[in-house]
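Here is the structure we will look at.
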Amino acid sequence: MFLPILFALLFLFSSSNAADFCVGDLYGPQGPAGYSCKKETLVTVNDFVYSGLAAAGNTSNLIKAAVTPAFSAQFPGVNGLGISLARLDLAVGGVVPMHTHPGASELLVVVEGSICAGFISSANKVYFKSLNKGDIMVFPQGLLHFQINAGKTPALAFVSFSNPSPGLQILDFALFGDDLPTDIIQETTFLDVVQIKKLKGVLGGTG
Ligand SMILES: *[C@@H]1O[C@H](CO)[C@@H](O)[C@H](O)[C@H]1NC(C)=O
């Protein structure tokens, strides 16, 4: 009668440290709940520190923007903690096109420059504003949102997420950067074929 309880208590106490964190074991598969935990004896302080956001991302690309993630895949220390961070560099004219993070709300803080940011609610109400250094804005989970460099200098922001693996789906790439057939895009978006083909050409889509 008492023995099972004793064992249960022993198990609870012996595993109490492991419950403090669950540094991701990046060699294992990633499921909906994240990575499985790295063996605690192998965990070091370096699992909780990440220097990958120190350097600016490369903005020599179509959108003149770079998102450098510190998600669980890059920074296994956040695995299981419900948080993560990314660095957002926007060159002059840079934009993070309309996108969603299916798994997380987002909090953006402007560190340099000015950024026009906004989101669209499920009721299709639009909320956008020009943000300056020190301003923060929140983007509720799953909603379409965007960021545009609104100034004449490069802009820098950091964005935190309520998920160590927030996911990212960019609307234009989802529509025009894959093999979704042109006629289906036309039927589902009401865009004309010429425009669809043009965007497929720019974004690498086929079909
Ligand atoms: C940035 O990306 C461009 C395009 O891919 C590349 O040509 C360039 O070498 C990269 N610059 C740096 C500093 O990595």
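The values are calculated or read from the model by the stated rules, or taken from the named source; none is laboratory data. Please read all numbers here as calculations on a predicted model, not as lab measurements. Every residue, glycine as well, gets a Cβ built from its backbone with ideal geometry; the counts of neighbours run over all protein chains shown. Accessible surface is based on the protein model in full, side chains and every heavy atom, while ligands, DNA and RNA are left aside. Shrake-Rupley method; radii C 1.70, N 1.55, O 1.52, S 1.80 Å.
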Filter region 61-81 down to the residues that are open to solvent by less than 30 Å² (accessible area, probe 1.4 Å) and not polar (S, T, N, Q) and list them by number. ALA65, ALA66, ALA70, PRO76, GLY77, VAL78
Here the residues within region 57-91 that are in a loop (DSSP other than H, G, I, E, B) and either within 16 Å of the ligand (Cβ to nearest atom) or over 23 Å from ALA19 (Cβ atoms) (or both) are GLY57, ASN58, THR59, SER60, ASN61, LEU62, ILE63, LYS64, GLN74, ALA91
Contact list, first residue from region 52-67 and under 17 Å from SER84 (Cα atoms), second anywhere and more than 9 Å from the ligand (Cβ to nearest atom) and hydroxyl-bearing (Ser, Thr, Tyr), beta-carbon distance below 8 Å, six or more apart or interchain, is GLY52/THR68; LEU53/THR68
Return the residue satisfying two criteria in turn: it lies in region 112-134 and is open to solvent by 50 Å² or more (accessible area, probe 1.4 Å) and part of a strand (DSSP E or B), and of such residues it is nearest to LEU156 (Cα to Cα). GLU112
Members of region 135-150 found to be free of Cβ contacts under 8 Å to residues at least 40 places away in the same chain, open to solvent by 40 Å² or more (accessible area, probe 1.4 Å) and part of a strand (DSSP E or B), listed by number: ILE136, VAL138
Take ALA104 and decide whether it is in a loop (DSSP other than H, G, I, E, B) and surrounded by 20 or more Cβ atoms within 10 Å (Cβ to Cβ). yes
Out of all the residues in region 175-188, is one or more farther than 30 Å from LEU81 by Cα and either in contact with a Phe, Trp or Tyr (Cβ under 9 Å, 6 or more places away or on another chain) or at pLDDT below 95 (or both)? yes
Residues within region 194-207 that are in a helix (DSSP H, G or I) and touching a helix residue (DSSP H, G or I) at 6+ places or on another chain (Cβ under 6 Å), tallied: 4
